[in-house]
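Heads up: the structure comes next, in structure tokens.
The values are calculated or read from the model by the stated rules, or taken from the named source; none is laboratory data. Values in this document were obtained by computation on a predicted structure and should not be read as measured data. So basically every Cβ, Gly included, is an ideal-geometry build from the backbone, and we count neighbours across all protein chains shown.
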Amino acid sequence: MSKIRREPAIGPFRADQLREGDRYELSNGHPLYCAPARREHAAPNLIGAAVIDSDPAVEWAGVDAGFTPAPGTLRAPDVAVAAAAGADADGWIPGAPPLAIEYAGRGQDQADLKVKIAELLAAGTRYVWVVRVQGPRRVEVHEAGQPPRLVGAGEVLAAPGILRNPIPVEALYDRAAGHRATLRNLLQREGYDSLEAVRTEGRKEGHKEGRKEGRKEGRQEGREEGLAEAILALLQGRGIPVDVPLETRVRACRERDTLHRWLLRAASVVRGEQLFDAE
């Protein structure tokens with residue numbers, strides 16, 4: 001959320017005068033103070049970012065990333081998708097993101113939000129999604145040259161050419177829905193179409209084992225091995241280190257309910273050992 005006293009003239013500031021961590025955006029050379037987020041804004045922001053970042057078609061996504069399409073403009077959408085940069089890339093990101101997401105709650109400066117949307121679209125952003133986290137939950141979809149449209153709960157959002165998968169509206173603000181969408185995306189990144197595909201692979205492995213040691217026992221072990229493989233693949237796909245003790249414990253588990261619980265946690269934990277919290 002940001003506030004500005006709108007001035008008709010070009011302001012004196014440039015994007016290269018701001019440092020990382022400064023709580024300002026720039027609009028036509030004028031500074032806009034960006035306030036800390038309330039709970040109603042911060043938590044959905046994290047949920048939506050995980051869904052967007054995990055989409056198999058996304059090479060790079062960021063939270064509060066600064067884009068500068070012009071020297072006097074610096075805009076930082078709550079969540080944005082951009083092209084991957086080289087390892088030596090530094091500074092603000094030139095241009096505008098193809099997809100930008102803004103979370104709007106209490107205290108939102110609606111006039112400034114309108115200007116921000118217009119600036120992003122004019123600079124080349126294809127979609128701006130405004131997630132309303134106060135009152136009836138809904139998303140406003142803005143596209144260049146098109147009137148805004150509302151997408152409500154029970155509907156899906158799509159960004160062809162940017163995201164592979166459509167996103168249920170709820171996945172941008174509801175924790176459970178967001179985790180489901182993130183899990184789907186991460187499984188696809190590891191070559192599985194869905195959680196059912198993991199189970200099917202486990203059943204196939206089970207059949208092989210069943211021919212050797214007894215059909216029923218083999219099927220059961222195959223399912224469990226498939227779940228264990230999915231857990232480890234998810235963690236590694238999200239860049240979370242998997243050490244030997246963690247891998248050993250996951251592979252040794254034969255409790256299907258426990259493995260399912262760990263699989264869901266693998267979509268959101270930040271450290272591998274968090275899989276086992278409260279076990």
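Please pick out the residue among Leu232, Leu263 that is within 24 Å of Gly48 (Cβ to Cβ), surrounded by 15 or more Cβ atoms within 10 Å (Cβ to Cβ), of a type in the set (A, V, I, L, M, F, W, C) and out of contact with any Cys (no Cβ under 8 Å at 6 or more places or on another chain).
Working: Leu232 fails: within 24 Å of Gly48 (Cβ to Cβ).
Exactly one of Leu232, Leu263 is within 24 Å of Gly48 (Cβ to Cβ), surrounded by 15 or more Cβ atoms within 10 Å (Cβ to Cβ), of a type in the set (A, V, I, L, M, F, W, C) and out of contact with any Cys (no Cβ under 8 Å at 6 or more places or on another chain), namely Leu263.
Tell me, yes or no, whether region 139-152 has at least one residue that is in the same structural domain as Leu99 (by TED's automatic domain parsing), surrounded by fewer than 18 Cβ atoms within 10 Å (Cβ to Cβ) and under 15 Å from Ile47 (Cβ atoms).
No.
Surrounded by fewer than 19 Cβ atoms within 10 Å (Cβ to Cβ), part of a helix (DSSP H, G or I), modelled with pLDDT under 55 and in contact with an Asp or Glu (Cβ under 6 Å, 6 or more places away or on another chain): does that describe Glu217?
On the way: surrounded by fewer than 19 Cβ atoms within 10 Å (Cβ to Cβ): yes; part of a helix (DSSP H, G or I): yes; modelled with pLDDT under 55: yes; in contact with an Asp or Glu (Cβ under 6 Å, 6 or more places away or on another chain): no.
No.
Where residues in region 23-46 are free of Cβ contacts under 8 Å to residues at least 60 places away in the same chain and under 12 Å from the mean Cα position of the chain (by Cα), which of them is surrounded by the most Cβ atoms within 10 Å (Cβ to Cβ)?
If we take residues in region 23-46 being free of Cβ contacts under 8 Å to residues at least 60 places away in the same chain and under 12 Å from the mean Cα position of the chain (by Cα), then Asn45 is surrounded by the most Cβ atoms within 10 Å (Cβ to Cβ).
Could you list all residues from region 128-138 that are surrounded by fewer than 21 Cβ atoms within 10 Å (Cβ to Cβ) and part of a strand (DSSP E or B)?
The answer is Arg132, Arg138.
Starting from residues that are touching a Gly at 6+ places or on another chain (Cβ under 9 Å) and not aliphatic (A, V, I, L, M), keep the ones in region 78-112 and report whichever is modelled with the lowest pLDDT.
Only one residue fits best here, namely Gly91.
Please specify each residue of region 238-279 satisfying the condition of being among the charged types (D, E, K, R) and touching a residue at least 60 places away in the same chain (Cβ under 8 Å).
Arg238
Only one of these is part of a helix (DSSP H, G or I) and farther than 15 Å from Gln188 by Cα: Glu229, Glu247. Name it. Write out each step before concluding.
Details: Glu229 fails: farther than 15 Å from Gln188 by Cα.
Going through Glu229, Glu247 in turn, the sole match is Glu247.
Can you name the residue in region 70-127 that is in a strand (DSSP E or B), touching an Asp or Glu at 6+ places or on another chain (Cβ under 7 Å) and without any contact (Cβ under 8 Å) to a residue 40 or more places away in the chain and, of all such residues, is nearest to Leu26 (Cα to Cα)?
Glu102
Being of a type outside the set (A, V, I, L, M), assigned to a helix (DSSP H, G or I) and either surrounded by 17 or more Cβ atoms within 10 Å (Cβ to Cβ) or at pLDDT below 85 (or both) is the filter here; which residues of region 266-279 pass it? First the steps, then the outcome.
Going residue by residue through region 266-279, those that are of a type outside the set (A, V, I, L, M) are 268, 271-274, 276-277, 279.
Now narrow it down to the ones that are assigned to a helix (DSSP H, G or I): 272-274, 276.
Result: Gly272, single match.
Kindly evaluate Ala49 against the criterion of being surrounded by fewer than 23 Cβ atoms within 10 Å (Cβ to Cβ) and within 18 Å of the chain's Cα centre (by Cα).
On the way: surrounded by fewer than 23 Cβ atoms within 10 Å (Cβ to Cβ): yes; within 18 Å of the chain's Cα centre (by Cα): yes.
Yes: the conditions hold for Ala49.
How many residues does region 250-265 hold that are farther than 14 Å from Leu234 by Cβ and assigned to a helix (DSSP H, G or I)?
5
Looking only at region 62-74, which residues are surrounded by fewer than 21 Cβ atoms within 10 Å (Cβ to Cβ) and either among the hydrophobic types (A, V, I, L, M, F, W, C) or outside the structural domain of Ala118 (by TED's automatic domain parsing) (or both)?
Correct list: Val63, Ala65, Ala70.
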